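What follows is a short report on a single structure.
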Amino acid sequence: MSSVHDGPAAQSESPYDSFAEAYSAETEVNLINRYYARPAIVELAGDITGRSILDAGCGSGSLAATLRERGAIVTGFDSSAAMVDLARQRLGPEADLHVADLAEPLPFPDNAFDDSIAALVLHYLHDWTGPLAELRRVLRPGGRLIAVVEHPHAIDLMDRQTGHKSAYFQTRSRTEIWEYGNHSAPVTFWDRPLHAMTDAFTTAGFRIAVISEPPPAPDTPPEMLADFVSESNPTGSFLCFLFFVLVAD
Ligand SMILES: C[S@@+](CC[C@H](N)C(=O)[O-])C[C@H]1O[C@@H](n2cnc3c(N)ncnc32)[C@H](O)[C@@H]1O
């Protein structure tokens, strides 16, 4: 994958539509989604029996399927119609799935959910004000938002390792060309410093309950962690995503 700085920020249609199937297949088996992000989210969510959960940016529904197996009542939405189609194939025709954009008002009533999850989706948005206000609005008081984003320190390290000056303290766009199967498309991220994230969460009315940098899941195949495991890092932890549990006070 190649990276372009200060590239075009606007995306008229979802890049995920281009490579939905191949992307989804890869994330069923890869390190960062299958053995890292999803198990860590499930662990942070704890006992979800009977809880109504909104999966914002649900992709092809892998996490939603796990949440449902664990007793949650799941609603999902994604801006990519192709990803929602895959989620529907996985979760069945009765699943509560929507094509919707987190950057726009959400098609759900106030106080509708016990929890919401925004896994690897906020980092595509420039302005978090409206999206967080919407995620707050649809949660009942005391409900939780579990948010997972690219780790800002990992992005800064990557920038500097690829010869760029650090722009850590700016909110700035970064476009990568993603290739899955025979398809490629530009994917634009909006990177920002940690304090910009925590400020946005608290301004939207969330209390930060947990900030987590979890290890990979215990069942991760050891060969996937060979580059990370050492005497000083026995779990094979690596910098990749940052996990928040936020409470709608
Ligand atoms: C990296 S995937 C993560 C999918 C899923 N949350 C998971 O963790 O497996 C990001 C997903 O966010 C969706 N997405 C990107 N921007 C979005 C937006 N503005 N509103 C809703 N979904 C969006 C993409 O279509 C894609 O399915």
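Bear in mind that the values in this text are calculations on the coordinates, not laboratory data. These figures come from a predicted structure and were not determined experimentally. Glycine also receives a Cβ, built like all others from the backbone with ideal geometry; neighbour counts cover every protein chain displayed.
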**OP:** Determine the calculated [θ] at 222 nm for the chain from helices alone, applying -39500 (n - 2.57) to every DSSP H run no shorter than 4 residues and normalising by the residue count; nearest 500 deg cm²/dmol.
**Re:** -8000 deg cm²/dmol
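May I ask you to compute the full-extension gain from His195 to Thr162, defined as 0.36 nm times their residue separation minus their alpha-carbon distance, rounded to one decimal in nm?
Gain on stretching His195 to Thr162: 9.5 nm.
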Subject >> Linear extension gain, Val210 paired with Ala154, 0.36 nm per residue minus alpha-carbon span >> reply: 18.2 nm
Subject >> Mean Cβ count within 10 Å, highest first, over the residues of peptides 107-119, 138-150 >> reply: 138-150, 107-119
Original post:
PRE reach from Asp101 (point 7 Å along Cα→Cβ): which of the range 165-209 fall under 20 Å by backbone N?
Top reply: 172-176, 185-191
Original post:
How large is ³J(HN,Hα) for each residue in the range 46-56, as worked out from phi by the Karplus curve 6.51 cos²θ - 1.76 cosθ + 1.60 (θ = phi - 60°), to whole Hz, x for Gly and Pro?
Top reply: x, 6, 10, 3, x, 8, 8, 10, 9, 9, 8
Original post:
Using 7 Å Cα-to-Cβ label points, what is the Gln89/Ala226 separation (nm, one decimal)?
Top reply: 3.2
Original post:
Non-local amide H neighbours of Asp101 (under 5 Å, H modeled in plane, Pro and chain starts lacking H): which ones?
Top reply: none
Original post:
Which whole-number percentage describes the relative contact order of the chain, with Cα contacts under 8 Å and a sequence gap of 6 or more?
Top reply: 23
Original post:
For Thr203 and Thr235, what is the calculated FRET efficiency with R₀ set at 30 Å and r taken between the beta-carbons, to the nearest 0.05?
Top reply: 0.30
**OP:** Report the paramagnetic label zone for Glu179: residues of the range 18-35 whose backbone N is under 16 Å from a point 7 Å from Cα along the Cα-to-Cβ axis.
**Re:** 19, 22-23
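On full extension of the chain, what length is gained from Asn111 through Thr171, given 0.36 nm per residue of separation minus the C-alpha to C-alpha distance?
Values: separation 60, 0.36 × 60 = 21.60 nm, distance 3.06 nm.
Length difference between fully extended and current span is 18.5 nm.
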